[in-house]
Amino acid sequence: MSEELLAPMAGKIVQVNVKVGGSVKEDDEAMVIEAMKMKTPIYIPCDGSVVRINVNEGDDVEEDDVLLIVE
Amino acid sequence: MFDAIQSLSATTGFWNLTPGMVFMWAVGLVLIYLAISKQYEPLLLLPIGFGIILANLPLAGLMEPGEGLLWKFYEYGIQWEVIPPLIFLGLGALTDFGPLLAMPSLIFLGAAAQGGVYLTFFIANSLLGFDLMESATIGIIGGADGPTTIFLASKLAPHMLGICAVAAYSYMALVPIIQPPVMKALTSEKERRIRMKKGRKVKRLEKLLFPIIATFVIVLIVPASAPLISMFMVGNLFRESNVVERLTKTSQEELLNIATIFLGLPVGATMNAENFLQWKVIFVFVLGLCAFILSTAVGVCIAKVMNLFRKNKINPLLGAAGVSAVPMAARVVHKVGQEADKKNYLLMYAMGPNVAGVIGTVIAAGIFLTLLQ
């Protein structure tokens, strides 16, 4: 089973805490997005390992962009 | 020789100092301290604090009608309705109505939060004996909108302008402390967990038409709100047109900053000892706080009422974002929501009622002006 992590809102990714291949648990902090001058953590949707990360620190993202995929 | 020294010393300020003036220096210094060390709305409280000190320097005559420097800033900037609308031009250029257009029903929450303004107006007038104009000025503090408060005060109760502005900006800085207890008291954990259904995508044409249509609708209904609304919408039209980036940037940055300087100093300077050292001032601060709390509470309650009729429930916390401290109130909503459910991202949904609240406060001020002036 794989699950995509979508950007909850438009903003700038200021921190990426996971690596491709790393194992993660649901509710781990995956990234930090900055919008309206406020930093908000984004959490991993399910247990598994990260198979792909689509963004780098400093990237601007739109709402619903796929940030990473957990399998 | 001795006489000469004596007459020279009589022209210094020291002989004309009053205890009230020294007290006002302390008030000014406290605001400067809060601005610098606590970073409470420093862009405004810093010049306001210094303005208070300047207005209470004996013989300096900075607020002398017709002559004083700060009096000229006040008369031609604020009394002539120039500076607050210029601030609104900048705010319009900074505001994205996208979140509101994505979920237009949230506009009710922006309107609902003005309930606190009117409740406070009635409390001030009927229970505490302020006259109608003073009560309106105190009530509008609950809209959490500095320029609107100053605009209304300059028309209805100029003697209370400084105090109401300081109360509005101080409480705005305290929004993250004032709002959460009210929001939590009025909602259950389950309600705070409600996740919002995604809004629809907003087309560019809608964003372009919004400022034009909104100007027609609002100014035709409440003509007294025209100075603020028209400038706000022209700034927003600059922004959304994408063809006048130079004007957008100037409105958002340089012009807004210049206007802020000319707003803060004279607002502070209206606070002389006679105006400030009255028992009424304490009530203004208490009522201002009360207005913030009531606006938050009414917003949350109306959101819950809306839920009774909706299939897609909205998170009632969004009601608190109708208090138009942009984007502070929206951030508070987001944080309180995330406390209940880590993966609940309310920020962008909260921006809808938040920007609607700005318009709501201006309309509330326009209604007061129409009825009371």
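The values are calculated or read from the model by the stated rules, or taken from the named source; none is laboratory data. Keep in mind that what you see is a predicted model, and the values were worked out from it rather than measured. Glycine gets a Cβ as well: all are built from the backbone with ideal geometry, and neighbour counts include every protein chain shown. In case anyone asks, the SASA skips ligands and DNA or RNA and just uses the protein heavy atoms, side chains included. Shrake-Rupley method; radii C 1.70, N 1.55, O 1.52, S 1.80 Å.
Things worth noting here:
- Hey, residue B:248 open to solvent by less than 20 Å² (accessible area, probe 1.4 Å), under 16 Å from the mean Cα position of the chain (by Cα) and not aliphatic (A, V, I, L, M) or not: no
- Filtered residues of the range B:313-370 (kept if touching a strand residue (DSSP E or B) at 6+ places or on another chain (Cβ under 8 Å), among the aliphatic types (A, V, I, L, M) and open to solvent by less than 30 Å² (accessible area, probe 1.4 Å)): B:347
- Among residues of the range B:313-327 that are closer than 23 Å to residue B:168 by Cβ, those with a Cβ under 9 angstrom from a residue that is surrounded by 23 or more Cβ atoms within 10 Å (Cβ to Cβ) and among the acidic types (Asp, Glu), sequence gap 6+ or separate chain, pair up as B:324/B:145; B:325/B:145; B:326/B:145.
- Scope the range B:119-133; condition touching a residue at least 40 places away in the same chain (Cβ under 8 Å) and surrounded by fewer than 24 Cβ atoms within 10 Å (Cβ to Cβ); matching residues: B:119, B:123, B:128, B:130, B:132, B:133
- Checked against the criteria, residue B:214 does not count as in contact with a Gly (Cβ under 6 Å, 6 or more places away or on another chain), in a helix (DSSP H, G or I) and over 30 Å from residue B:42 (Cβ atoms).
- The strands (runs of 3 or more DSSP E) found wholly in the range A:6-71 and carrying at least 1 residues that are under 11 Å from the mean Cα position of the chain (by Cα) and at the interface with chain B (Cβ under 10 Å from one of its Cβ atoms) occupy A:29-35, A:38-43.
- Taken over the range B:78-93, the residue count meeting the criterion of being aromatic (Phe, Trp, Tyr) and open to solvent by less than 50 Å² (accessible area, probe 1.4 Å) is 1.
- Answer from B:281, B:286 - the residue that is away from chain A (no Cβ under 14 Å), open to solvent by 60 Å² or more (accessible area, probe 1.4 Å) and of a type outside the set (D, E, K, R): B:286
- Selection status of residue B:52, more than 30 Å from residue B:10 (Cβ to Cβ), open to solvent by less than 30 Å² (accessible area, probe 1.4 Å) and of a type in the set (Val, Ile, Thr): no
- Within the range B:179-203, tally of residues that are crowded, with 18+ Cβ neighbours inside 10 Å and assigned to a helix (DSSP H, G or I): 7
- Failed condition for residue B:262, given (1) closer than 30 Å to residue B:103 by Cα; (2) modelled with pLDDT of 95 or more: (1)
- Test: residue in the range B:134-152 that is in a helix (DSSP H, G or I) and surrounded by fewer than 18 Cβ atoms within 10 Å (Cβ to Cβ): no
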